[in-house]
Amino acid sequence: MKIVVLDGFALCGNELHFDALKALGEVSIYQRTRAEEAASRIGQAEIVLTNKVPITEAVMNICPHIRYIGVMATGYNVVDLEAASRQKIVVTNAPAYSTQAVAQHVFALLLESMSRTAEYDGQVKAGAWAESPDFCFFAAPMEELCGKTMGILGYGHIGQATARIAQAFGMEVIVCTPHPKGEGVRFVDQRTLFEESDVISLHCPLTEKTRGIIGRQALAQVRRGVRVINTARGPLVDEEAMAEALKAGHVAYYMADVLTQEPPKAEQPLLSAPNTIITPHVAWAPLQTRERLLKIVTENVCAFVNGRPVNVVNGENRR
């Protein structure tokens, strides 16, 4: 059985390896693949593993031997699921592998905006503390999380983990989700969440309904001085509208691990907007998290080869 990994570096970096797959067939590993190279690199392979390389209907038509597409991530919008189902191709993902890492990153971003540790560290190392007439100095305003309201938009595994951490900091948690279930948080509608939150954290999937959910209309509803965190998908936010809200001081901080285009172009409006903290889509990437992901990806392939696919995400191919 021929197995092709299209963008192995995104998962493994220089630390991990796909050695376990070699017991299952002939494995070709590409560190990176451009979209236009996908079909030629897949060739006659039956099993395809991808993280961010799109597998479109056109690619499937050119590569009729594909029987299985394993997405090396939780989100699977890089695969045309309807086309895969029509062609009887099983598509799987890796659910819940990064829950704790992403929730941790939410608070790494939030705490940086509240305590300004990097800014103070830079000033200390530049000599400001050594020159201070007092035992401390206050060069950047800081705030407490305790008593503030966190609004969580989307309440899957990561949203729930984020809520638990917020509560440990003494925050009130309100949640907007299509399927309210659970205790210890207050479920509200979207407008209420926008109006009452001091911090909004996005944890919803990217769909046509959620694309641009934080746009001009939402930003007109949010509390002045709100902080917005996006560790989900870049297109959930209208980035031009967000940049304008930051420049106007209506939004205090925008913190994101994701952007609409990755890597961004130089003219990306958020790169020059004030009060942003942007990391390069690495919330999921601690070594332990990637080891867990690689294990799930390998187990998914093994289950398919053994005729009992798991974590299937497309149509009638679900098991």
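The values are calculated or read from the model by the stated rules, or taken from the named source; none is laboratory data. Only a predicted model underlies this, so the values are computations on that prediction, with no experimental measurement involved. Note that each Cβ is placed from the backbone with ideal geometry, even for glycine, and that neighbours are counted across all protein chains shown. The area values use the complete protein model at the heavy-atom level, side chains included, leaving out ligands, DNA and RNA. Shrake-Rupley method; radii C 1.70, N 1.55, O 1.52, S 1.80 Å.
So if I place +1 on the C-beta of Lys and Arg and -1 on the C-beta of Asp and Glu, and nothing else carries charge, what would the dipole magnitude of segment 177-230 be about its Cα centre? I want it in debye, nearest 20. Before the final figure, lay out each step's value.
Details: 9 positive and 6 negative charges, 35 e Å.
Once rounded to the nearest 20, the dipole reads 160 debye.
Carbon and sulfur together cover what percent of the accessible area of segment 87-218 at a 1.4 Å probe radius? Before the final figure, lay out the partial values.
Numbers: 3840 of 6960 Å².
For segment 87-218, the apolar C and S fraction of the accessible surface comes to 55 percent.
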Exercise. Take the alpha carbon atoms of segment 37-64, find their center, do the same for segment 172-202, and report the distance between the two centers in whole angstrom.
Key: 40
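Can you run the Rg to Rh ratio on segment 108-156? Use alpha carbon positions and the Kirkwood inverse-distance Rh.
Details: Rg = 15.1 Å, Rh = 13.0 Å.
Expressed as Rg/Rh, it is 1.16.
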Quiz item: Between their Cα atoms, which of LYS265/LYS295; LYS52/LYS295; LYS148/LYS209 are more than 24 Å away from each other?
Solution: LYS265/LYS295; LYS148/LYS209
Quiz item: Can you give the charge dipole size of the chain about its Cα centre, rounded to the nearest 20 debye, using +1 on the beta carbon of Lys and Arg and -1 on the beta carbon of Asp and Glu?
Solution: 940
Practice problem: Could you calculate the contour length gain from SER40 to LYS22, that is, 0.36 nm times the residue separation minus the distance between their Cα atoms, to one decimal place in nm? | Solution: 4.4 nm
Quiz item: Which option, (i) 70, 46, 37; (ii) 50, 44, 38; (iii) 74, 36, 35, is the value of Cα extents along the principal axes in Å that was calculated from these coordinates?
Solution: (i)
Exercise. Might you work out the accessible area of GLU15 for me, using a 1.4 Å probe with all protein chains in place, and round it to the nearest 10 Å²?
Key: 100
Quiz item: By how many degrees, 0 to 90 and rounded to 10, does the Cα axis of helix 157-168 deviate from the longest principal axis of the chain?
Solution: 20
Quiz item: If you take the beta carbon distance between LYS125 and PHE9 as r and set R0 to 41 Å, what does 1/(1 + (r/R0)^6) give as a FRET efficiency, to the nearest 0.05?
Solution: 0.80
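Taking 0.36 nm per residue of separation and subtracting the Cα-Cα distance, what length does fully extending MET1 through ARG224 add?
Numbers: separation 223, 0.36 × 223 = 80.28 nm, distance 5.74 nm.
The span from MET1 to ARG224 would gain 74.5 nm if fully extended.
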Practice problem: Filter the GluC sites (Glu not before Pro) in segment 199-260 to those in DSSP coil with at most 13 other Cβ atoms within 10 Å of their Cβ, and list the result. | Solution: GLU208
Self-check item: Karplus (6.51, -1.76, 1.60) ³J(HN,Hα), θ = phi - 60°, over segment 188-201, in Hz, Gly and Pro reported as x
Solution: 9, 7, 4, 5, 4, 4, 5, 6, 9, 7, 8, 9, 10, 10
Self-check item: Mean accessible surface per residue for the chain, computed with a 1.4 Å probe while every protein chain stays in place, in Å²
Solution: 49
Quiz item: So what is the relative contact order of the chain, in percent, for Cα pairs below 8 Å that sit 6 or more residues apart?
Solution: 16
